1. It is to be established whether one or more residues within the stretch A:86-95 are more than 14 Å from every other protein chain (Cβ to nearest Cβ) and either more than 19 Å from residue A:40 (Cα to Cα) or away from ligand 2 (no atom under 16 Å from the Cβ) (or both).
2. So, residue A:109, is that one surrounded by fewer than 19 Cβ atoms within 10 Å (Cβ to Cβ), in contact with a helix residue (DSSP H, G or I) (Cβ under 7 Å, 6 or more places away or on another chain) and more than 20 Å from residue A:288 (Cα to Cα) or not?
3. Among the residues of the stretch A:1-20, how many are near ligand 2 (Cβ under 10 Å from one of its atoms) and in a strand (DSSP E or B)?
4. Check residue A:23 against each of (1) part of a helix (DSSP H, G or I); (2) surrounded by fewer than 19 Cβ atoms within 10 Å (Cβ to Cβ); (3) out of contact with any helix residue (DSSP H, G or I) (no Cβ under 6 Å at 6 or more places or on another chain) and name the one condition it does not meet.
5. Looking at A:79, A:108, A:5, which is the one that is free of Cβ contacts under 8 Å to residues at least 24 places away in the same chain and either within 30 Å of residue A:301 (Cβ to Cβ) or within 16 Å of ligand 1 (Cβ to nearest atom) (or both)?
6. Condition check: more than 16 Å from ligand 2 (Cβ to nearest atom), within 14 Å of chain B (Cβ to nearest Cβ), touching a helix residue (DSSP H, G or I) at 6+ places or on another chain (Cβ under 9 Å) and more than 30 Å from residue A:410 (Cα to Cα). Does residue A:73 satisfy that?
7. Hey, any hits in the stretch A:44-52 for a residue that's away from ligand 2 (no atom under 16 Å from the Cβ) and part of a loop (DSSP other than H, G, I, E, B)?
8. Just a yes or no: is a residue in the stretch B:126-143 out of contact with any helix residue (DSSP H, G or I) (no Cβ under 9 Å at 6 or more places or on another chain), surrounded by 15 or more Cβ atoms within 10 Å (Cβ to Cβ) and within 14 Å of chain A (Cβ to nearest Cβ)?
Ligand code: SF4
Ligand code: SF4
C-alpha cells in the first residue's frame, strides 16, 4: 500500500444554475492573456448538447484517453511507439475551429461612424488575426438549447441509447436539460502526463495537482490530443500548453480555487482523499462495467488505523490526514455513494466527482390543463425526463446501477425531509424510500445538511500544503527566492 | 583569402555562436525553447508541409552525417555502381521531398491570415535560408553527381581538419561554385540556428522511450521531513 493524498472535488449537479460565474472567475484570473483567449479552463455545458470543443466526448474522433489492448493500458492517441510520426503532425490534434475563434468588437466604430440614418454597429473582429469575422461558434453556443436538432441531437452520449429512449427525450413535453460544469479532473492516471514526450507535465506528489512546466514544454502537442476531456489547451502565441492549475497559489494559502469560491449555486465541494497509489494501473485496467466501483476501491478510509499508519510512513503530515477525515468529497463519494466520475471509461481516474441531477417533475396535458404526470409527490426516478440510461452514459461508464443508487438516495432524502417539514408524506412512505435507497435517518439528515445548508468551511476543507517543508526551503531558500508562483518569469517573447 | 574567410573563419564563428547562444538560451530563457508548432491554427496544410519536410530533411542529414562519420564505409559501399546509383537517387528524392514540404510551408504562411500572425521576421529569414540551402543541395546533386563519394573523400576530411583545430582549406578550395555556396549557406544556418525556432531540434525528447509512464514530483523529501512522533 502506498498512501498518497489527492485534492478531490465534487460538483452537485442538482444545484447548478448554469450561470457561468465559475468560468468568468477563472477567465479573469488566468486566461485573459494573448493566445489564451479561446481557453476556458472551466466551462459549463448544457446537456444534452455538443459541448466545448464540439463533441469532445466522441473519442472515435478525438482519440483521447486510454484503451485496453490485450488487457494492457495504452494511450489512444500517442502511445510511445507512435511518437515519431506524431511529433511532426499529430493526427488526433484538435484545431482552433473545434473550439471557436475568439473575437471582440471594434467599439471605436461606434464613435467613428459618419453621421447617417442608420445606427452604427461594432463589427466583430477576430482576436487572432484582428480581421473582421462572422461569428460561427462560441464556448457555450448551445446554452439551454435542449431539443435542438443541431446541438442536442448531436450529443455523442445519445449514440448508445435505444431509438425509443432517444425519441422520448426529444418529445416536446419532455424536453429537459441540465448543466455540466467541467474543468480539469486532476486525474490519478492522467493521460496528459503520460503522453508528454518531454516530461513537461507532472502530478504534484503532495496534493495530486496536475501541472505543465512551462519551461519544459516544447509544443509537441501530445497532451492536447491525449486528454479525453480536452482540458489541456495550446497557447498559439507562446507555443506552450496550458491547463487548469487548480488555483494552487490560492490553495497553498487555504483559499478554494476561484471557480469554487465564486460558485453561485454553491454546488462545489473540495477536500482531499487518501488513496493507494500502488493500485492505479490495476484499477484503471478494470473491465468497463466495474470501473466506477474499482475507482472507489482505490480511495482509502482515512479513519482506518492501518491506513493512518501507512499514510504516516509515507510522509503524509498529521493535519493532512485530519483534513482527509473531514473531507466533504469523501462523504459524498465513499460514505453515501452519491458522487460519480465523469466518463470513467476514459480510464484516467478523474478526481472530480458529480452528484447526478434529479430531473424535474413530468407534466403532461389532461384536457385543457397541464398536470403532473405522476401520482408521486416527487418525480419517480424511472419516469424522469432525463432518462437514467442517458445519465449512465455520462456518469456511470455505461452502467445504470451506480447512477440509480445515487438518484434514489437524493429522492429518499427529499421524501424524508418533506415528511419532517411539511408532513404530507407519511412516515411509512418516507421510511420505505429510505430503506429502498440504502439510507438511514441519520445519513439522510447528514446528506440534507451538506447539500442544503453547508457553510463555507463545510464545502471547502483544504489540506495544508506545508510549503515550509519544501525542499527548496530546507536546502537553499535564497536560491529559490522569487522563483515560485505562476506567471511568466521571463516575458513570453517569440524569438 | 576568401577561402580562409568562408571555410575557416565562418565555420568557427558559426560553431561558437551555435554552442554559446544555444547553451545560454537553454539555461537563461528555457521558456523560449519550443518548436512553436502551428498545427493548432490549421491542420491539413500543416500535414503536407511538416511531414515531407521533416522526413526529407532528416533523411538527407543522415546521409551527410554518414559521409562525415563513416567515410570509408560509404566509399566501400559506393564501389558498386548500382549501390552508388541507389544512394544518389535516394538522396535526391529525399531532397525533393524536403523542398516540397518547405514550399508548402512557405505558401501556408503566406496565404493564411492566422499563419501570418505567428510568423515573424526571424522565421522568414530562416525559411529563406532553408529554401536556398535545399535548392542548392538539389542543384549540386543534379550537376555534380556522385556527391556521396566526393563528400566522403574531400568534404569529410576538411570538416575533420576543422574539428581537430588544424583547418586545411585545400580540400574545398577546388570545389565547384555551387558546392561552395551550399557549404557557406550551411554555416550561416548553423550560426543562426540557436536564435531561431530550430532550437527545438536540440531538445528532441528521447527519454520518453524509457521514462516511467507517469511523472510525479514531490516538493518535500518525504522520508526526512515528517516530524517523528
Ligand atoms: S482531465 Fe485531462 S488534463 Fe486534467 S489531469 Fe485528466 S487527463 Fe490531464
Ligand atoms: S458558478 Fe456554480 S452554479 Fe454557476 S454555472 Fe458554475 S458551477 Fe454552476
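1. Our first condition is that a residue be more than 14 Å from every other protein chain (Cβ to nearest Cβ); within the stretch A:86-95, this holds for none.
Checked against the condition, which is being more than 14 Å from every other protein chain (Cβ to nearest Cβ) and either more than 19 Å from residue A:40 (Cα to Cα) or away from ligand 2 (no atom under 16 Å from the Cβ) (or both), the stretch A:86-95 yields no hits at all.
2. On the way: surrounded by fewer than 19 Cβ atoms within 10 Å (Cβ to Cβ): yes; in contact with a helix residue (DSSP H, G or I) (Cβ under 7 Å, 6 or more places away or on another chain): no; more than 20 Å from residue A:288 (Cα to Cα): yes.
It is false that residue A:109 is surrounded by fewer than 19 Cβ atoms within 10 Å (Cβ to Cβ), in contact with a helix residue (DSSP H, G or I) (Cβ under 7 Å, 6 or more places away or on another chain) and more than 20 Å from residue A:288 (Cα to Cα).
3. Pass one, the stretch A:1-20, residues near ligand 2 (Cβ under 10 Å from one of its atoms): A:11-13, A:15-20.
Adding the requirement that they be in a strand (DSSP E or B) leaves A:11-12.
Result for the stretch A:1-20: 2.
4. (2)
5. Working: A:108 fails: either within 30 Å of residue A:301 (Cβ to Cβ) or within 16 Å of ligand 1 (Cβ to nearest atom) (or both); A:5 fails: free of Cβ contacts under 8 Å to residues at least 24 places away in the same chain.
The match here is A:79.
6. Working: more than 16 Å from ligand 2 (Cβ to nearest atom): yes; within 14 Å of chain B (Cβ to nearest Cβ): yes; touching a helix residue (DSSP H, G or I) at 6+ places or on another chain (Cβ under 9 Å): yes; more than 30 Å from residue A:410 (Cα to Cα): yes.
Spelling it out, residue A:73 is indeed more than 16 Å from ligand 2 (Cβ to nearest atom), within 14 Å of chain B (Cβ to nearest Cβ), touching a helix residue (DSSP H, G or I) at 6+ places or on another chain (Cβ under 9 Å) and more than 30 Å from residue A:410 (Cα to Cα).
7. First pass over the stretch A:44-52, keeping only residues away from ligand 2 (no atom under 16 Å from the Cβ): A:48, A:50.
So of that shortlist, the ones also part of a loop (DSSP other than H, G, I, E, B) come out as A:48, A:50.
Yes, the conditions are met somewhere in the stretch A:44-52.
8. From the stretch B:126-143, those out of contact with any helix residue (DSSP H, G or I) (no Cβ under 9 Å at 6 or more places or on another chain) are none; that's our starting set.
Checked against the condition, which is being out of contact with any helix residue (DSSP H, G or I) (no Cβ under 9 Å at 6 or more places or on another chain), surrounded by 15 or more Cβ atoms within 10 Å (Cβ to Cβ) and within 14 Å of chain A (Cβ to nearest Cβ), the stretch B:126-143 yields no hits at all.
We did not get these values from a lab; they are worked out from the coordinates using the rules stated. Please read these numbers as outputs of a predicted model, since none were measured by experiment. Cβ: placed from backbone, ideal geometry, glycine included. Neighbour counts: every protein chain shown.
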